[in-house]
Amino acid sequence: MEITRAAALLLLASSLQGQALRQQADRFGILVGGAVNPDNFSEAPYAAAFARELNMLEPENVMKFGPIHPAADRYDFTAGDRIVDFARKNGMKVRGHTLVWHSQVPSWVTSGNLGSEQLSAILHDHISTVMKHYAGQVFAWDVVNEAFSDSPPALRSTIWFDAPGIGFKGQGTQYIEQAFRWAHEADSSALLFYNDYSAEVVNAKSNAIYAMAKDFKARAVPLDGVGLQMHLSLNANLARLGENIQRFTALGLQVHITEMDVAIPVNPDGTPVDPAALQKQAQIYRDVASACLQYKGCSAMQTWGLTDRYSWIPGFSQGKNGLALPLDANYQHKPAYDAWVGAFKSSPLPVQSLTGSFELVSATLGTRLLSADSLASIFGEGLADTTQTGGITLQVTDSTGNARVASLIYVSPAQINFVIPADTSPGVATFKLSGASVLSGTGFIQTVAPSLFAANANGLGVAAATAVRIFLPTMLQSPVAVFQCGGVYGSCSAVPIDLGLDAPVYLTLFGTGIRGRSSLDAVRASIGGKPVPVLYAGAQGAFAALDQVNIALPLDLRGDGLVDVQLEIDGRVSNTVQIALQ
Ligand code: XIL
């Protein structure tokens, strides 16, 4: 039987113990971000909170058209560069916002009496210049922001679309497509997003965006993802959020939650009108985070700010709303923060497929068979971020549905050695490795058979064994290793055992699937096809999971050279290993 090969995507690994939001997110390979104003970096608690909690930053304003391109012949990258610099120093990604938007367009564009040809040239140059400046530093861009009107599927009338537009007036999403093509041409490695509000759940606006996205994907327009802004109120109905995320990700697009805040109606003194508001808000944060975590393609969650100290909500609502973010104005955790972190803690790490490789082999059987109670290895990449077995579990679910945790013998990023649980039933079993990553694969479990360790990793060749000569009636003497290896496994050779003296030599072989399988009577050993006496068959004792067999080497085997050793228990034979005799 062949071992089934399975492949698995390895998620970014990080500490399971992390308290800050970003450490929780790192376990899932998810980005958690916040909109940032670089002017506030000088406020130490602000800078500290962003660096501690988030692994992504997005400029709240400074990369928008007006601030970054204040005059026809002038770009100003200073503020954006400060964000990129802060992010680099703190191991964070930068998400760019935004290239094509109806708002925050400078007056030299809006009041310049420009025609479509000029606007087209301006927008093309703008997209190219900004994206090239940040190429390699901004990993994703909101290329087009809020292009759909509030009466979808109609597009919003804007200077870029139809008033007068860049040349695609009356041609639907054609101008959006043009912007994506220019963006791709400027930085082909950046992820390109369409971003909008009130399109979080399945509704008329998200239907319109979905139709555009589907069309773009079908015609290979370079669209990589959709941003759901998520500016919510306490009345948000998120029942169809998961469904919406699901359909976009099913197109092969990423979904980013880009601008989340949950506005709370406040009294003139700034306190919530509803005493339960902070709890209700927390529930919304929890629901959004949990929904995102259910879909592999939902790869970033960002809030529009981080602390209530700086938020666009009070200004936008003329003071009616506030308290929309996860940290309060003094950078303390709000219930919303705990709910966000809590959603990560209580969501299962997704079992992902399939890029890295995950291969199961038996450590004792050269034919790569797996059997209950035998030692096996998983070879792969990034299997563990540690060499400690603690914190990593391997669950084996057998063909009857029984799940058992396997004991781990050795752990490294490239190899995990473990014992297949003794009562694993034959048939196809699923192996699920959980630690910083979760991987899953299958293997075929044979009926239990004894197996002997070879010095070679593939289970063939020279026995892993020791030979001792016992001078009766005294103690054992002169242990003889019966294999020696060069620098690499596979180049092991047998060191001949000298049978020249008249004292008996006993050979200790190591293996698995030997203990508890049978009475000693049922254990048969042969050397060179000839039966030899078995003195012991059972647990090795010092080393959990290891079994051992002691056999006596009859003196009449003298001079036979390289011979095969094999075990048979209850009619089931082991693999064959070799020893050399003089
Ligand atoms: C807002 C900023 O937060 C404000 O500081 C600014 O005055 C106006 O823009 N959707 C978007 C964001 O895509 O760019 C907006 O940001 C909020 C709504």
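The values are calculated or read from the model by the stated rules, or taken from the named source; none is laboratory data. The shown structure was predicted, so the numbers you read here are calculated from the model rather than taken from an experiment. With ideal geometry, Cβ positions are generated from the backbone for all residues, glycine too; neighbour counts draw on all protein chains shown. Note: areas computed on protein heavy atoms with side chains; ligands, DNA, RNA excluded. Shrake-Rupley method; radii C 1.70, N 1.55, O 1.52, S 1.80 Å.
Odds and ends about this structure:
- Among the helices (runs of 4 or more DSSP H) confined to region 52-121, the ones with at least 3 residues that are open to solvent by less than 20 Å² (accessible area, probe 1.4 Å) and within 16 Å of the ligand (Cβ to nearest atom) are located at 65-68.
- For first residues located in region 190-218 and closer than 14 Å to residue 250 by Cα, partners that are away from the ligand (no atom under 16 Å from the Cβ) and of a type in the set (Gly, Ala, Ser) and lie 6+ apart or on another chain with Cβ distances below 8 Å form the pairs 217/252.
- Meets criteria (modelled with pLDDT of 95 or more and open to solvent by 20 Å² or more (accessible area, probe 1.4 Å)) for residue 37: yes
- Unique residue being of a type in the set (Ser, Thr, Tyr), open to solvent by 70 Å² or more (accessible area, probe 1.4 Å) and at pLDDT below 60 when the list is 536, 489: 489
- Against the test of being surrounded by fewer than 23 Cβ atoms within 10 Å (Cβ to Cβ) and more than 16 Å from the ligand (Cβ to nearest atom), the options 223, 238 yield a single qualifying residue, 238.
- Cβ separations smaller than 6 Å between residues 6+ apart or across chains give the following pairs from region 31-50 residues that are over 23 Å from residue 19 (Cα atoms) to residues that are more than 16 Å from the ligand (Cβ to nearest atom): 38/82.
- The C-beta contact set for region 66-91 (first residue touching a residue at least 12 places away in the same chain (Cβ under 8 Å) and under 25 Å from residue 114 (Cβ atoms), second residue assigned to a helix (DSSP H, G or I) and of a type in the set (Ser, Thr, Tyr), distance under 8 angstrom, 6+ apart or interchain) comprises 69/129; 75/129.
- Residue check for residue 261: of a type in the set (Asp, Glu), more than 26 Å from the chain's Cα centre (by Cα) and over 20 Å from residue 97 (Cα atoms): no
- Matching residues in region 328-345 - criterion: being crowded, with 17+ Cβ neighbours inside 10 Å and either within 16 Å of the ligand (Cβ to nearest atom) or farther than 15 Å from residue 282 by Cα (or both): 331
- Note on region 28-51: residues that are part of a strand (DSSP E or B) and among the hydrophobic types (A, V, I, L, M, F, W, C) amount to 4.
Yes/no per residue for (1) part of a helix (DSSP H, G or I); (2) more than 28 Å from residue 305 (Cβ to Cβ):
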| site | (1), (2) |
| --- | --- |
| 153 | no, yes |
| 157 | no, yes |
| 167 | no, yes |
| 202 | no, no |
| 216 | yes, yes |
| 220 | no, yes |
| 227 | no, no |
| 239 | no, no |
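- Among (1) open to solvent by 40 Å² or more (accessible area, probe 1.4 Å); (2) assigned to a loop (DSSP other than H, G, I, E, B); (3) within 16 Å of the ligand (Cβ to nearest atom) - the single one residue 325 does not satisfy: (1)
- Of residues in region 562-582 being touching a residue at least 60 places away in the same chain (Cβ under 8 Å) and farther than 30 Å from residue 407 by Cβ, the one surrounded by the most Cβ atoms within 10 Å (Cβ to Cβ): 581
- Members of region 295-320 that are more than 13 Å from the ligand (Cβ to nearest atom) and either under 32 Å from the mean Cα position of the chain (by Cα) or on the phi < 0 side of the Ramachandran plot (or both): 295, 296, 297, 298, 299, 300, 301, 307, 308, 309, 320
- Qualifying residue in region 125-145 (condition: in contact with a Leu (Cβ under 7 Å, 6 or more places away or on another chain) and open to solvent by 20 Å² or more (accessible area, probe 1.4 Å)): yes
- Search result, residues across region 146-192 that are crowded, with 16+ Cβ neighbours inside 10 Å and hydroxyl-bearing (Ser, Thr, Tyr): 158, 173, 175
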